[in-house]
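The values are calculated or read from the model by the stated rules, or taken from the named source; none is laboratory data. The structure displayed is predicted, hence computed values, not measured ones. Cβ placement follows ideal geometry from the backbone for every residue including glycine, while neighbour counts extend to all protein chains displayed.
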Amino acid sequence: MPRPIYAQISQSALRHNLSVVRERLDRAAQAAACESPSIWAVIKANAYGHGIERAVRAFGQAQGLAMLDLEEAVRCREAGWGGPILLLEGFFQPQDLDILDRYRLSTSLHSQEQLDMLEQARPAHRINAMVKLNSGMNRLGFSPEAYGAAFESALALQARGVLGTVGKMTHFATADSGLGPDWQWTLFQACTEGLPGPVSVCNSAATLRHARLALGQPEGQVQWVRPGICLYGASPFDDESADALGLRAAMTLRSEIIGVQDLKAGQTVGYGATFTASKPMRIGVVACGYADGYPRHCGTGTPVTVSGVPTRLLGRVSMDMLVVDLEPVPSAGVGSAVVLWGEGGPSVDEVAAAGGTIGYELLTALAMRVPVRDAD
Ligand SMILES: *Cc1c(COP(=O)(O)O)cnc(C)c1O
(Lines give C-alpha, C1' and ligand atoms only; values in the text may rest on other atoms or scores of the structure.)
Protein backbone atom coordinates (compact mmCIF):
# COMPACT_ATOMS: atom_id res chain seq x y z
CA MET A 1 0.00 0.00 0.00
CA PRO A 2 1.29 3.50 -0.83
CA ARG A 3 1.05 6.20 1.82
CA PRO A 4 -2.55 7.37 1.93
CA ILE A 5 -1.79 10.90 0.69
CA TYR A 6 -2.98 12.02 -2.75
CA ALA A 7 -4.19 15.10 -4.60
CA GLN A 8 -7.49 14.95 -6.39
CA ILE A 9 -8.09 17.21 -9.39
CA SER A 10 -11.61 18.09 -10.51
CA GLN A 11 -12.12 18.70 -14.22
CA SER A 12 -15.62 19.99 -13.54
CA ALA A 13 -14.23 22.59 -11.10
CA LEU A 14 -11.68 23.75 -13.69
CA ARG A 15 -14.43 24.06 -16.30
CA HIS A 16 -16.73 25.80 -13.85
CA ASN A 17 -14.09 28.39 -12.94
CA LEU A 18 -13.40 29.18 -16.58
CA SER A 19 -17.13 29.67 -17.14
CA VAL A 20 -17.31 32.02 -14.11
CA VAL A 21 -14.66 34.22 -15.74
CA ARG A 22 -16.38 33.97 -19.14
CA GLU A 23 -19.75 35.00 -17.72
CA ARG A 24 -18.32 37.95 -15.79
CA LEU A 25 -16.59 39.23 -18.92
CA ASP A 26 -19.67 38.72 -21.07
CA ARG A 27 -21.83 40.63 -18.59
CA ALA A 28 -19.34 43.50 -18.45
CA ALA A 29 -19.10 43.54 -22.24
CA GLN A 30 -22.85 43.54 -22.60
CA ALA A 31 -23.20 46.43 -20.15
CA ALA A 32 -20.53 48.38 -22.03
CA ALA A 33 -21.96 47.35 -25.42
CA CYS A 34 -18.60 46.10 -26.68
CA GLU A 35 -16.94 42.82 -27.68
CA SER A 36 -16.22 40.40 -24.88
CA PRO A 37 -12.49 39.77 -24.54
CA SER A 38 -10.79 36.50 -25.40
CA ILE A 39 -9.27 34.41 -22.63
CA TRP A 40 -5.74 33.11 -22.45
CA ALA A 41 -6.02 30.52 -19.70
CA VAL A 42 -2.70 30.72 -17.87
CA ILE A 43 -1.36 27.21 -17.30
CA LYS A 44 2.25 27.90 -16.33
CA ALA A 45 3.97 25.81 -13.64
CA ASN A 46 2.30 22.58 -14.70
CA ALA A 47 -1.07 24.35 -14.71
CA TYR A 48 -0.48 25.67 -11.18
CA GLY A 49 0.24 22.10 -10.08
CA HIS A 50 -2.86 20.57 -11.71
CA GLY A 51 -1.19 18.98 -14.75
CA ILE A 52 -0.81 20.36 -18.27
CA GLU A 53 -2.81 17.63 -20.00
CA ARG A 54 -5.71 18.03 -17.56
CA ALA A 55 -5.70 21.77 -18.14
CA VAL A 56 -5.74 21.31 -21.91
CA ARG A 57 -8.81 19.07 -21.53
CA ALA A 58 -10.58 21.35 -19.05
CA PHE A 59 -9.91 24.66 -20.77
CA GLY A 60 -11.13 23.68 -24.22
CA GLN A 61 -13.48 26.66 -24.17
CA ALA A 62 -10.67 29.16 -23.66
CA GLN A 63 -9.49 30.98 -26.79
CA GLY A 64 -5.82 30.43 -25.94
CA LEU A 65 -3.37 29.06 -23.41
CA ALA A 66 -0.48 30.97 -21.84
CA MET A 67 2.58 29.55 -20.09
CA LEU A 68 6.32 29.99 -20.08
CA ASP A 69 7.99 26.61 -20.39
CA LEU A 70 8.63 25.60 -24.00
CA GLU A 71 8.35 21.91 -23.15
CA GLU A 72 4.96 22.48 -21.55
CA ALA A 73 3.88 24.35 -24.67
CA VAL A 74 4.92 21.42 -26.86
CA ARG A 75 2.98 19.08 -24.55
CA CYS A 76 -0.13 21.20 -25.15
CA ARG A 77 0.25 20.71 -28.89
CA GLU A 78 0.84 16.99 -28.40
CA ALA A 79 -2.29 16.85 -26.24
CA GLY A 80 -4.21 18.20 -29.22
CA TRP A 81 -4.46 21.94 -28.48
CA GLY A 82 -4.66 23.65 -31.87
CA GLY A 83 -5.39 27.20 -30.67
CA PRO A 84 -3.04 30.04 -29.76
CA ILE A 85 -0.33 29.42 -27.16
CA LEU A 86 1.45 32.44 -25.67
CA LEU A 87 4.88 32.12 -24.08
CA LEU A 88 4.79 34.68 -21.26
CA GLU A 89 8.58 34.94 -21.02
CA GLY A 90 9.07 34.40 -24.74
CA PHE A 91 12.15 32.62 -26.04
CA PHE A 92 15.56 32.50 -24.42
CA GLN A 93 18.00 31.52 -27.15
CA PRO A 94 18.05 31.43 -30.96
CA GLN A 95 17.35 27.67 -31.12
CA ASP A 96 14.07 28.23 -29.27
CA LEU A 97 12.75 30.01 -32.35
CA ASP A 98 12.75 26.68 -34.21
CA ILE A 99 10.35 25.33 -31.59
CA LEU A 100 8.17 28.45 -31.79
CA ASP A 101 8.08 28.04 -35.55
CA ARG A 102 7.44 24.31 -35.57
CA TYR A 103 4.71 24.35 -32.89
CA ARG A 104 3.24 27.71 -33.85
CA LEU A 105 3.82 29.32 -30.45
CA SER A 106 3.17 33.02 -29.90
CA THR A 107 5.67 34.97 -27.90
CA SER A 108 5.93 37.82 -25.51
CA LEU A 109 8.63 40.16 -26.81
CA HIS A 110 10.24 41.97 -23.91
CA SER A 111 13.93 42.60 -24.61
CA GLN A 112 16.33 43.96 -27.20
CA GLU A 113 18.12 40.59 -27.09
CA GLN A 114 14.96 38.91 -28.34
CA LEU A 115 14.60 41.46 -31.14
CA ASP A 116 18.22 40.78 -32.13
CA MET A 117 17.56 37.02 -32.25
CA LEU A 118 14.52 37.62 -34.45
CA GLU A 119 16.63 39.73 -36.82
CA GLN A 120 18.68 36.60 -37.57
CA ALA A 121 15.70 34.23 -37.77
CA ARG A 122 14.15 32.79 -40.92
CA PRO A 123 11.06 31.00 -39.63
CA ALA A 124 8.91 29.02 -42.05
CA HIS A 125 5.77 30.58 -40.54
CA ARG A 126 5.23 34.05 -39.15
CA ILE A 127 5.51 34.18 -35.36
CA ASN A 128 2.83 36.12 -33.47
CA ALA A 129 4.20 38.43 -30.80
CA MET A 130 3.00 40.67 -27.98
CA VAL A 131 5.45 43.51 -27.30
CA LYS A 132 5.65 43.91 -23.54
CA LEU A 133 5.77 47.24 -21.75
CA ASN A 134 7.37 47.50 -18.33
CA SER A 135 4.73 49.82 -16.92
CA GLY A 136 6.00 49.69 -13.34
CA MET A 137 6.22 46.04 -12.32
CA ASN A 138 9.93 46.23 -13.18
CA ARG A 139 10.10 42.60 -14.11
CA LEU A 140 9.99 41.99 -17.88
CA GLY A 141 9.35 44.51 -20.63
CA PHE A 142 10.64 47.53 -22.50
CA SER A 143 10.75 50.77 -20.56
CA PRO A 144 8.24 53.45 -21.54
CA GLU A 145 11.12 55.34 -23.23
CA ALA A 146 12.18 52.31 -25.29
CA TYR A 147 8.73 50.96 -26.10
CA GLY A 148 7.98 52.95 -29.24
CA ALA A 149 11.26 51.98 -30.92
CA ALA A 150 10.84 48.33 -29.90
CA PHE A 151 7.36 48.30 -31.38
CA GLU A 152 8.70 49.83 -34.61
CA SER A 153 11.33 47.07 -34.79
CA ALA A 154 8.60 44.49 -34.31
CA LEU A 155 6.57 46.04 -37.13
CA ALA A 156 9.67 45.96 -39.35
CA LEU A 157 10.04 42.26 -38.58
CA GLN A 158 6.38 41.87 -39.45
CA ALA A 159 6.95 43.62 -42.78
CA ARG A 160 9.79 41.17 -43.49
CA GLY A 161 7.53 38.18 -42.84
CA VAL A 162 9.25 37.11 -39.61
CA LEU A 163 6.46 38.21 -37.26
CA GLY A 164 2.73 37.81 -37.79
CA THR A 165 0.35 39.60 -35.48
CA VAL A 166 2.09 42.19 -33.31
CA GLY A 167 0.23 43.24 -30.16
CA LYS A 168 0.76 45.07 -26.88
CA MET A 169 0.89 43.76 -23.37
CA THR A 170 1.82 44.66 -19.82
CA HIS A 171 1.44 43.15 -16.35
CA PHE A 172 -0.10 44.74 -13.26
CA ALA A 173 1.65 44.75 -9.90
CA THR A 174 -1.21 45.89 -7.68
CA ALA A 175 -4.49 44.88 -9.34
CA ASP A 176 -5.30 42.83 -6.22
CA SER A 177 -4.78 45.63 -3.72
CA GLY A 178 -6.15 49.04 -2.86
CA LEU A 179 -3.60 50.69 -5.13
CA GLY A 180 -5.31 49.08 -8.13
CA PRO A 181 -4.00 48.94 -11.70
CA ASP A 182 -4.86 52.47 -12.89
CA TRP A 183 -1.38 53.95 -12.42
CA GLN A 184 0.03 51.34 -14.81
CA TRP A 185 -2.97 51.38 -17.12
CA THR A 186 -2.64 55.12 -17.71
CA LEU A 187 1.01 54.70 -18.64
CA PHE A 188 0.20 51.73 -20.88
CA GLN A 189 -2.40 53.73 -22.76
CA ALA A 190 -0.02 56.64 -23.21
CA CYS A 191 2.78 54.39 -24.51
CA THR A 192 0.62 52.33 -26.87
CA GLU A 193 -1.68 55.02 -28.21
CA GLY A 194 -2.07 54.73 -31.96
CA LEU A 195 -0.14 51.45 -32.16
CA PRO A 196 -1.99 48.65 -33.94
CA GLY A 197 -2.70 45.12 -32.76
CA PRO A 198 -4.39 43.22 -29.95
CA VAL A 199 -4.01 44.18 -26.30
CA SER A 200 -3.46 42.03 -23.21
CA VAL A 201 -3.16 43.48 -19.72
CA CYS A 202 -5.37 41.65 -17.19
CA ASN A 203 -4.34 38.86 -14.80
CA SER A 204 -6.97 37.23 -12.53
CA ALA A 205 -7.17 40.16 -10.14
CA ALA A 206 -7.66 42.73 -12.91
CA THR A 207 -10.03 40.47 -14.82
CA LEU A 208 -12.25 39.91 -11.77
CA ARG A 209 -12.11 43.31 -10.12
CA HIS A 210 -11.31 45.71 -12.95
CA ALA A 211 -13.21 44.17 -15.84
CA ARG A 212 -13.55 47.59 -17.45
CA LEU A 213 -9.81 47.48 -18.15
CA ALA A 214 -10.35 44.30 -20.11
CA LEU A 215 -12.87 46.22 -22.24
CA GLY A 216 -11.57 49.77 -22.10
CA GLN A 217 -9.53 50.06 -25.25
CA PRO A 218 -10.41 51.89 -28.45
CA GLU A 219 -13.03 50.19 -30.52
CA GLY A 220 -12.12 47.28 -32.71
CA GLN A 221 -9.07 46.19 -30.74
CA VAL A 222 -9.02 42.58 -29.68
CA GLN A 223 -8.59 42.11 -25.94
CA TRP A 224 -6.98 39.07 -24.37
CA VAL A 225 -7.25 38.64 -20.63
CA ARG A 226 -4.81 36.33 -18.83
CA PRO A 227 -6.45 34.79 -15.77
CA GLY A 228 -4.49 32.11 -13.93
CA ILE A 229 -5.11 31.46 -10.25
CA CYS A 230 -8.88 31.93 -10.32
CA LEU A 231 -9.21 29.11 -12.88
CA TYR A 232 -7.93 26.73 -10.22
CA GLY A 233 -10.43 27.91 -7.64
CA ALA A 234 -8.15 30.05 -5.50
CA SER A 235 -8.51 33.78 -4.94
CA PRO A 236 -6.08 36.43 -6.16
CA PHE A 237 -7.29 38.68 -3.31
CA ASP A 238 -6.65 38.55 0.40
CA ASP A 239 -9.93 40.32 1.14
CA GLU A 240 -12.29 38.22 -1.02
CA SER A 241 -12.45 34.44 -0.88
CA ALA A 242 -12.65 32.06 -3.81
CA ASP A 243 -16.01 30.99 -2.43
CA ALA A 244 -17.33 34.55 -2.49
CA LEU A 245 -16.13 34.82 -6.09
CA GLY A 246 -18.17 31.74 -6.98
CA LEU A 247 -15.08 29.62 -7.69
CA ARG A 248 -14.61 25.94 -6.86
CA ALA A 249 -11.38 24.36 -5.60
CA ALA A 250 -9.92 22.23 -8.38
CA MET A 251 -7.28 20.56 -6.19
CA THR A 252 -8.06 18.69 -3.00
CA LEU A 253 -5.15 17.38 -0.96
CA ARG A 254 -6.25 14.30 0.96
CA SER A 255 -4.63 11.98 3.44
CA GLU A 256 -5.50 9.88 6.48
CA ILE A 257 -4.79 9.58 10.17
CA ILE A 258 -2.03 6.98 10.52
CA GLY A 259 -1.53 7.17 14.28
CA VAL A 260 -3.25 8.41 17.44
CA GLN A 261 -1.72 9.58 20.73
CA ASP A 262 -3.32 10.42 24.06
CA LEU A 263 -1.55 13.35 25.65
CA LYS A 264 -1.46 14.18 29.33
CA ALA A 265 -1.54 17.81 30.44
CA GLY A 266 1.93 19.27 30.04
CA GLN A 267 3.06 16.97 27.22
CA THR A 268 4.26 18.51 23.98
CA VAL A 269 3.95 17.79 20.27
CA GLY A 270 6.61 17.44 17.59
CA TYR A 271 10.00 19.01 16.86
CA GLY A 272 10.87 21.91 19.08
CA ALA A 273 7.99 20.96 21.41
CA THR A 274 6.18 24.10 20.25
CA PHE A 275 2.72 22.94 21.38
CA THR A 276 1.98 21.98 24.98
CA ALA A 277 -1.28 20.29 26.01
CA SER A 278 -2.97 22.23 28.79
CA LYS A 279 -5.25 19.28 29.55
CA PRO A 280 -5.52 15.63 28.45
CA MET A 281 -6.20 15.47 24.70
CA ARG A 282 -6.30 13.05 21.74
CA ILE A 283 -4.21 13.92 18.73
CA GLY A 284 -3.99 12.36 15.26
CA VAL A 285 -0.88 11.92 13.14
CA VAL A 286 -1.51 12.64 9.44
CA ALA A 287 0.55 11.24 6.55
CA CYS A 288 1.43 14.65 5.10
CA GLY A 289 4.50 16.79 5.65
CA TYR A 290 6.53 19.52 4.08
CA ALA A 291 8.11 17.03 1.67
CA ASP A 292 4.62 16.62 0.23
CA GLY A 293 4.35 20.36 -0.33
CA TYR A 294 2.49 21.23 2.86
CA PRO A 295 4.07 24.46 4.15
CA ARG A 296 6.26 24.09 7.23
CA HIS A 297 5.42 27.70 8.12
CA CYS A 298 1.90 26.59 9.07
CA GLY A 299 1.77 26.27 12.82
CA THR A 300 -0.70 25.47 15.56
CA GLY A 301 -4.19 26.55 14.61
CA THR A 302 -3.91 26.08 10.86
CA PRO A 303 -7.30 24.75 9.69
CA VAL A 304 -7.64 21.11 8.60
CA THR A 305 -10.63 18.79 8.30
CA VAL A 306 -10.86 15.29 9.79
CA SER A 307 -13.83 13.05 8.91
CA GLY A 308 -15.57 16.16 7.57
CA VAL A 309 -15.10 18.07 10.85
CA PRO A 310 -13.01 21.26 10.96
CA THR A 311 -10.14 21.10 13.43
CA ARG A 312 -6.61 22.47 13.73
CA LEU A 313 -2.98 21.60 13.26
CA LEU A 314 -0.79 21.26 16.36
CA GLY A 315 2.93 21.98 16.64
CA ARG A 316 5.45 21.95 13.81
CA VAL A 317 4.93 20.25 10.47
CA SER A 318 7.61 17.60 9.94
CA MET A 319 8.92 16.21 6.66
CA ASP A 320 6.40 13.41 6.29
CA MET A 321 3.81 13.97 9.01
CA LEU A 322 1.80 16.56 10.80
CA VAL A 323 -0.38 16.42 13.89
CA VAL A 324 -4.00 17.46 14.34
CA ASP A 325 -6.29 17.99 17.30
CA LEU A 326 -8.93 15.22 17.49
CA GLU A 327 -10.94 16.86 20.26
CA PRO A 328 -13.72 18.06 17.90
CA VAL A 329 -13.82 14.58 16.24
CA PRO A 330 -13.97 11.96 19.02
CA SER A 331 -14.96 9.24 16.54
CA ALA A 332 -11.79 9.73 14.45
CA GLY A 333 -9.02 7.16 14.54
CA VAL A 334 -6.44 5.49 12.31
CA GLY A 335 -7.79 5.53 8.76
CA SER A 336 -10.00 8.59 9.21
CA ALA A 337 -10.09 10.85 6.15
CA VAL A 338 -8.20 14.14 6.31
CA VAL A 339 -8.57 17.05 3.91
CA LEU A 340 -5.55 19.37 4.04
CA TRP A 341 -7.09 21.78 1.54
CA GLY A 342 -9.75 21.81 -1.13
CA GLU A 343 -13.25 20.40 -1.40
CA GLY A 344 -14.61 19.44 2.00
CA GLY A 345 -11.75 21.13 3.82
CA PRO A 346 -10.20 24.55 4.35
CA SER A 347 -9.48 26.53 1.19
CA VAL A 348 -5.91 26.52 -0.04
CA ASP A 349 -5.94 30.28 0.58
CA GLU A 350 -6.83 29.80 4.28
CA VAL A 351 -4.01 27.31 4.75
CA ALA A 352 -1.62 29.57 2.84
CA ALA A 353 -2.59 32.58 4.97
CA ALA A 354 -1.85 30.57 8.13
CA GLY A 355 1.63 29.96 6.72
CA GLY A 356 2.18 33.57 5.70
CA THR A 357 1.99 32.88 1.98
CA ILE A 358 -0.51 32.66 -0.90
CA GLY A 359 -2.49 29.80 -2.43
CA TYR A 360 -0.39 30.05 -5.61
CA GLU A 361 2.65 28.79 -3.73
CA LEU A 362 0.91 25.79 -2.19
CA LEU A 363 -0.71 24.66 -5.45
CA THR A 364 2.48 24.96 -7.48
CA ALA A 365 4.63 23.37 -4.73
CA LEU A 366 2.70 20.10 -4.54
CA ALA A 367 5.53 17.59 -4.36
CA MET A 368 6.32 15.09 -7.11
CA ARG A 369 5.89 12.23 -4.66
CA VAL A 370 2.20 13.00 -4.11
CA PRO A 371 0.09 10.89 -6.48
CA VAL A 372 -2.46 12.90 -8.47
CA ARG A 373 -5.84 11.40 -9.30
CA ASP A 374 -8.79 12.66 -11.30
CA ALA A 375 -11.84 13.40 -9.15
CA ASP A 376 -14.30 13.39 -12.04
C1 LIG B 1 1.13 34.38 -13.96
C2 LIG B 1 0.77 35.42 -14.93
C3 LIG B 1 -0.58 35.71 -15.17
C4 LIG B 1 -1.70 35.09 -14.38
O5 LIG B 1 -1.69 35.60 -13.07
P6 LIG B 1 -2.79 35.18 -12.00
O7 LIG B 1 -2.55 36.09 -10.86
O8 LIG B 1 -2.52 33.75 -11.65
O9 LIG B 1 -4.09 35.35 -12.65
C10 LIG B 1 -0.87 36.62 -16.16
N11 LIG B 1 0.12 37.23 -16.86
C12 LIG B 1 1.42 36.98 -16.64
C13 LIG B 1 2.45 37.70 -17.43
C14 LIG B 1 1.80 36.08 -15.66
O15 LIG B 1 3.09 35.86 -15.42
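Given (1) of a type in the set (A, V, I, L, M); (2) crowded, with 23+ Cβ neighbours inside 10 Å; (3) over 20 Å from Ala375 (Cα atoms); (4) in contact (Cβ under 8 Å) with a residue 60 or more places away in the chain, identify the lone condition not met by Val269.
Here Val269 clears every test but (4).
Which of the residues belonging to the range 324-353 are touching a Leu at 6+ places or on another chain (Cβ under 6 Å) and either without any contact (Cβ under 8 Å) to a residue 12 or more places away in the chain or surrounded by fewer than 24 Cβ atoms within 10 Å (Cβ to Cβ) (or both)?
Asp325, Ala332, listed by residue number.
Looking at the range 80-92, is at least one residue buried (at least 24 other Cβ atoms within 10 Å of the Cβ), without any contact (Cβ under 8 Å) to a residue 24 or more places away in the chain and within 12 Å of the ligand (Cβ to nearest atom)?
Checked against the condition, which is being buried (at least 24 other Cβ atoms within 10 Å of the Cβ), without any contact (Cβ under 8 Å) to a residue 24 or more places away in the chain and within 12 Å of the ligand (Cβ to nearest atom), the range 80-92 yields at least one hit.
Filter the range 2-53 for residues that are modelled with pLDDT under 95 and on the phi > 0 side of the Ramachandran plot and give the result.
Selection gives Ala33 alone.
For the range 97-130, name all the residues that are assigned to a helix (DSSP H, G or I) and not charged (D, E, K, R).
Listed by number, the residues that qualify are Leu97, Ile99, Leu100, Tyr103, Gln112, Gln114, Leu115, Met117, Leu118, Gln120.
Answer yes if at least one residue in the range 142-155 is at pLDDT 95 or above, away from the ligand (no atom under 15 Å from the Cβ), farther than 23 Å from Ile127 by Cβ and not charged (D, E, K, R), and no otherwise.
Yes, that holds for at least one residue.
Restricting attention to the range 17-65, and to residues there that are of a type in the set (S, T, N, Q), buried (at least 16 other Cβ atoms within 10 Å of the Cβ) and assigned to a helix (DSSP H, G or I), which single residue is nearest to the chain's Cα centre (by Cα)?
Filtering the range 17-65 for residues that are of a type in the set (S, T, N, Q), buried (at least 16 other Cβ atoms within 10 Å of the Cβ) and assigned to a helix (DSSP H, G or I), the one nearest to the chain's Cα centre (by Cα) comes out as Asn46.
Looking at the range 133-154 only, could you name the residues that are over 16 Å from Glu119 (Cβ atoms) and of a type in the set (Ser, Thr, Tyr)?
Ser135, Ser143, Tyr147
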